[in-house]
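Student: Structure provided below as structure tokens; questions to follow.
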Amino acid sequence: MADVGVITRLLRASSQGDRSAEAELISLVYGELRRRAAAYMRRERPDHTLQTTALTHEAYLRLIGHDGDWQNRSQFFGVAAQQMRRILVDHARKHSAAKRAGDEIRVSFRDALATATEQPGELAAIDESLERFAGEYPRQARVVEMRFFGGYGEEEIAGTLGVTVLTVKRDWKFAKAWLSRDLRQGP
């Protein structure tokens, strides 16, 4: 990975419309975006119609179209994790709607995590629950996004969010309990 300062400088220049910075940026971040997209796709069902490359490209296009200024590399990759999650959830919703015409699924968070690769509707249920959770507990929701959807480790999450590893562990434990209860009870 390139020097963090270079990526931050290019992100800021790109957000101000500098097309040459945008071109240089993609060459520096593409490998990491692809690695994270591959981590997402490993959790998906084997016959998934969305490929790692397509997920990487779609996420990058959304990132470059992001309104606002980029603060740093960590923020960029954190937003990348969110975008990849949203792309997969949107894809799952479309697939699920075509298959089951809107039936609701209620599952525990642990079971949903274990089987989301096989049933796209469960990924949509997790996303809806996570949105409710984020309304009350935004930092803890970021921990879930980064850990489950982004493939981040505890130390990387702690560094990105500016908290301790112990806080990340507590947030993850709390989030699992809250989301599990919410998925059992439904909205």
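Student: Please go through (1) part of a helix (DSSP H, G or I); (2) modelled with pLDDT under 80; (3) farther than 19 Å from Arg45 by Cα for Glu128 and return the number of the only condition it doesn't satisfy.
Tutor: Exception for Glu128: condition (2).
Student: Which one is modelled with the lowest pLDDT among residues in the stretch 157-187 that are under 16 Å from Val79 (Cα atoms) and either over 14 Å from the mean Cα position of the chain (by Cα) or among the hydroxyl-bearing types (Ser, Thr, Tyr) (or both)? Full working, then the answer.
Tutor: Residues of the stretch 157-187 that are under 16 Å from Val79 (Cα atoms), as a first pass: 157-162.
Now drop any that are not either over 14 Å from the mean Cα position of the chain (by Cα) or among the hydroxyl-bearing types (Ser, Thr, Tyr) (or both), which leaves 158-162.
Values: Ala158: 88, Gly159: 86, Thr160: 83, Leu161: 86, Gly162: 89.
Among residues in the stretch 157-187 that are under 16 Å from Val79 (Cα atoms) and either over 14 Å from the mean Cα position of the chain (by Cα) or among the hydroxyl-bearing types (Ser, Thr, Tyr) (or both), the one modelled with the lowest pLDDT is Thr160.
Student: Do you know which residues across the stretch 155-176 are touching a residue at least 60 places away in the same chain (Cβ under 8 Å) and among the charged types (D, E, K, R)?
Tutor: Once the filter is applied, which keeps residues that are touching a residue at least 60 places away in the same chain (Cβ under 8 Å) and among the charged types (D, E, K, R), the stretch 155-176 yields only Lys176.
Student: Continuing with the same structure: Have a look at Glu122, Glu58, Glu44 and point out the one that is at pLDDT below 70, charged (D, E, K, R) and within 20 Å of the chain's Cα centre (by Cα).
Tutor: Glu122
Student: Only one residue in Val89, Val144, Val107 is modelled with pLDDT under 80, crowded, with 17+ Cβ neighbours inside 10 Å and β-branched (Val, Ile, Thr), so which one is that? Spell out the reasoning first.
Tutor: Details: Val89 fails: modelled with pLDDT under 80; Val144 fails: modelled with pLDDT under 80.
Within the list Val89, Val144, Val107, the selection yields Val107.
Student: Checking Leu161 against (1) in contact with a Phe, Trp or Tyr (Cβ under 6 Å, 6 or more places away or on another chain); (2) within 29 Å of Arg34 (Cα to Cα), which test does it fail?
Tutor: Condition (1) is where Leu161 drops out.
Student: Considering only the stretch 131-141, state which residues are closer than 27 Å to Arg73 by Cβ and surrounded by 14 or more Cβ atoms within 10 Å (Cβ to Cβ). Give the derivation first.
Tutor: Here is the first cut: in the stretch 131-141, the ones closer than 27 Å to Arg73 by Cβ are 131, 133-134, 137-141.
Passing the criteria: Phe133, Ala134, Tyr137, Arg139, Gln140, Ala141.
Student: Only residues that are within 19 Å of the chain's Cα centre (by Cα) and buried (at least 17 other Cβ atoms within 10 Å of the Cβ): list them for the stretch 12-33, please.
Tutor: Val29, Glu32, Leu33
Student: Could you tell me whether the stretch 63-82 includes any residue that is modelled with pLDDT under 80, buried (at least 19 other Cβ atoms within 10 Å of the Cβ), hydrophobic (A, V, I, L, M, F, W, C) and not in a helix (DSSP H, G or I)?
Tutor: Checked the stretch 63-82: at least one residue is modelled with pLDDT under 80, buried (at least 19 other Cβ atoms within 10 Å of the Cβ), hydrophobic (A, V, I, L, M, F, W, C) and not in a helix (DSSP H, G or I).
Student: Where residues in the stretch 1-11 are farther than 17 Å from Arg62 by Cα, at pLDDT 80 or above and under 22 Å from the mean Cα position of the chain (by Cα), which of them is surrounded by the most Cβ atoms within 10 Å (Cβ to Cβ)?
Tutor: Ile7
Student: Then there's this: Could you check the stretch 144-154 and list, in sequence order, the residues that are in a helix (DSSP H, G or I) and either in contact with a Lys or Arg (Cβ under 9 Å, 6 or more places away or on another chain) or touching a residue at least 60 places away in the same chain (Cβ under 8 Å) (or both)? Walk me through it before giving the result.
Tutor: The first filter runs over the stretch 144-154 and keeps only residues in a helix (DSSP H, G or I), leaving 144-149, 154.
Scanning the stretch 144-154 gives Val144, Glu145, Met146, Phe148, Phe149, Glu154.
The values are calculated or read from the model by the stated rules, or taken from the named source; none is laboratory data. Worth saying up front: this structure is predicted, and the values here are computed from it rather than measured. No Cβ is skipped: glycine too gets one built from the backbone with ideal geometry, and neighbour counts run over all protein chains shown.
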